Amino acid sequence: MAYSATMKQAIGAVRAQLASAGFGMADSRFAHHGVHRMDPHAPLLLVACSGGRDSLALAAVTHTVASAWGMRCGAAIVDHGMQPGSALVAQRAAAQCERLGLAPVLVRTVHVRVGGEGAEAAARDARYEALAAAARETDTAAVLLGHTRDDQAEGVLIGLIRTGGVDAVAGMPAQQTVHGVRFVRPLLTVSRAQTTAICTDLGIEWWDDPTNGDAFAPDEPLPADYPLRSRVRHTLLPFLNEFAGRDMTERLAQGARVARRDLEWLDACTDRVFTECVQLEPGGDPCEARIDATRLAAQPQALRFRVIARVLTICAPGSGAAHVDAVEALVSQWHGQGPVQLPSKHTANRKKHVIRVCEDVTHANRRHSRQD
């Protein structure tokens, strides 16, 4: 079969990312043209498919690559149940994946519990849990996600709006482990226009999420109650493109690739310093940590902040930049100040050279008295 230039580019992107993840041709016989019988125990790649253009294009491309490499390719569809007709959308996506030749094709329905972070974040958490569970159930080697270059650019802008810092600029990693399962994003160098072209060329009809705001005119801003990602896509990015006189999607995605390289080095340094300076109490519930303030003070400021942020993420979820700043002051500006109050009823208190992050004694006493 002759592939279009767009399809060839997408195949190259998937091949490159899978090779980077350690996958390759299962057997030398797959290097020769012709029909080959697939090993039933060959590694399985599971494509997360929503029925949208990006994930359907990924399903088609991954099936092509997997077949050429002697790997199996399946799909997992998650129905969040947050929109009318979502079950029909999920079943349609499953049928499309089956027609493309993917197997197994799994459909999972989840219950999204919306909390303080909002519906979008809650849906994302539920989706990753369901995908990880499906991967473990099928002994999947990796789950593939259809995030494109456009998604990367949008994610960078969202990160800058919400948090900032190098982590925001670095965007989404091409590979990461979530719930013990490897997730791979092979299309981060492929545009949404290209996934659209792939679906069109292959005669694949896709579903557009109505919350994307496609029904609005390009020059009409989306209402504030639309998801932030949709507003960034529909309103902010087109404005930036016009303002800069260039494709800012490519620019932002390219910057994310460079920042991700630097961030990975920072994370490796943070791992080392964390191991040297932090002791987590084994089996502690609630979590307790001891930080060697003297050792940590000798490290560059960037590493001090990242180590403390990691400790607070583990022991005091909900901590923000102000909490990290206050605990870092116990390291670099120590003059006998009192404990720092943290979320989750925790405190950070320094005595001599040790900072102890643990449940506040007052809260602990109240809890124990209630139990008694």
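Rounded to the nearest 0.05, what FRET efficiency do T109 and D247 give with R0 = 41 Å and r taken as the Cβ-Cβ distance? Could you check? Using R0 = 41 Å, I get an efficiency of 0.60.
Distance between the 7 Å Cα→Cβ label points at I204 and W265: 3.7 nm. Amide H contacts of A76 (H built 1.01 Å from N, in plane; Pro and chain starts excluded): V47, A48, C49, L106 sit under 5 Å, all sequence-distant by 5 or more or on other chains.
In the P(r) worked out for the chain, what percent of Cα pairs fall beyond 35 Å?
Numbers: 25348 of 69006 pairs.
Value for the chain (Cα pairs over 35 Å): 37 percent.
The angle between the Cα long axis of helix 86-99 and the main principal axis of the chain comes to about 50°, on a 0 to 90 degree scale. Scalar couplings 3J(HN,Hα) for segment 164-181, obtained by applying the Karplus form with A = 6.51, B = -1.76, C = 1.60 to θ = phi - 60°, are x, x, 5, 4, 5, 5, 6, x, 8, x, 5, 9, 7, 10, 10, 6, x, 10 Hz; x denotes Gly and Pro.
Normalised per residue, the accessible area of the chain is 52 Å², obtained with a 1.4 Å probe and no contribution from ligands, DNA or RNA. If you take the Cα centroid of segment 166-207 and the Cα centroid of segment 265-305, the two points sit 33 Å apart.
When cysteine pairs in the chain are screened for C-beta atoms closer than 4.7 angstrom, the residues that find no partner are C49, C73, C97, C199, C269, C277, C358.
For segment 213-372, what value does the Rg/Rh ratio take when both radii are computed over Cα atoms and Rh is the Kirkwood radius, given to two decimals? Could you put the intermediate results ahead of the total?
Details: Rg = 21.9 Å, Rh = 18.9 Å.
Taking Rg over the Kirkwood Rh, I get 1.15.
Amide H to amide H, with H built 1.01 Å from N, T109 comes under 5 Å of D79, counting only residues 5 or more places away or on other chains. At full extension, E288 and S4 could sit 96.6 nm farther apart than now, given 0.36 nm per residue minus the alpha carbon distance. Per-residue Karplus couplings for segment 192-202, computed as 6.51 cos²θ - 1.76 cosθ + 1.60 with θ equal to phi - 60°, are listed in order as 5, 4, 6, 5, 4, 5, 4, 4, 5, 4, 8 Hz, Gly and Pro entered as x. Inter-label distance, D225 to M82: 1.6 nm, where each label sits 7 Å from its Cα along the C-beta direction. Computed from Cα atoms, the angle from the helix 321-332 axis to the main principal axis of the chain rounds to 50 degrees. Listed by chain and number, the aspartates and glutamates whose alpha-carbon sits under 12 Å from that of K352, ignoring those within fewer than 8 places in the same chain, are D292.
Taking amide H positions as modeled 1.01 Å from N, with prolines and chain starts lacking one, the residues under 5 Å from S191 and 5 or more places away or on another chain are R149. Under 20 Å of direct C-alpha separation, and excluding same-chain neighbours fewer than eight residues apart, K345 reaches these aspartates and glutamates: E117, E281, D285, E288, D325, E328, E359, D360, D372.
Students often check this: by mean Cβ neighbours within 10 Å, which of 309-320, 47-58 ranks highest, and how do the rest follow? Intermediate results must be reported in sequence, preceding the final value.
Details: 309-320: 18.3, 47-58: 25.3.
Peptide ranking by packing, descending: 47-58, 309-320.
With the alpha-carbon atoms of segment 83-154 aligned to their principal axes, the span from lowest to highest coordinate is 39, 29, 25 Å, starting with the largest.
In order along segment 211-220, the phi-based Karplus estimate (6.51 cos²θ - 1.76 cosθ + 1.60, θ = phi - 60°) of 3J(HN,Hα) comes to 6, 5, x, 5, 6, 8, 5, x, 8, 10 Hz; Gly and Pro are listed as x. Convex hull volume per residue, computed on the Cα atoms of segment 35-96, equals 85 Å³. Output the 0 to 90 degree angle, nearest 10, between the alpha-carbon long axis of helix 301-315 and the longest principal axis computed from the alpha carbons of the chain. With both axes taken from Cα atoms, the answer is about 90 degrees.
The values are calculated or read from the model by the stated rules, or taken from the named source; none is laboratory data. Predicted model, so just to flag it, every value in this text is computed and none were measured. Cβ sites come from the backbone with ideal geometry, for glycine too, and all protein chains shown count toward neighbours. The protein model used for the area step is the full one, side chains on, heavy atoms only, and it has no ligands, DNA or RNA in it. Shrake-Rupley method; radii C 1.70, N 1.55, O 1.52, S 1.80 Å.
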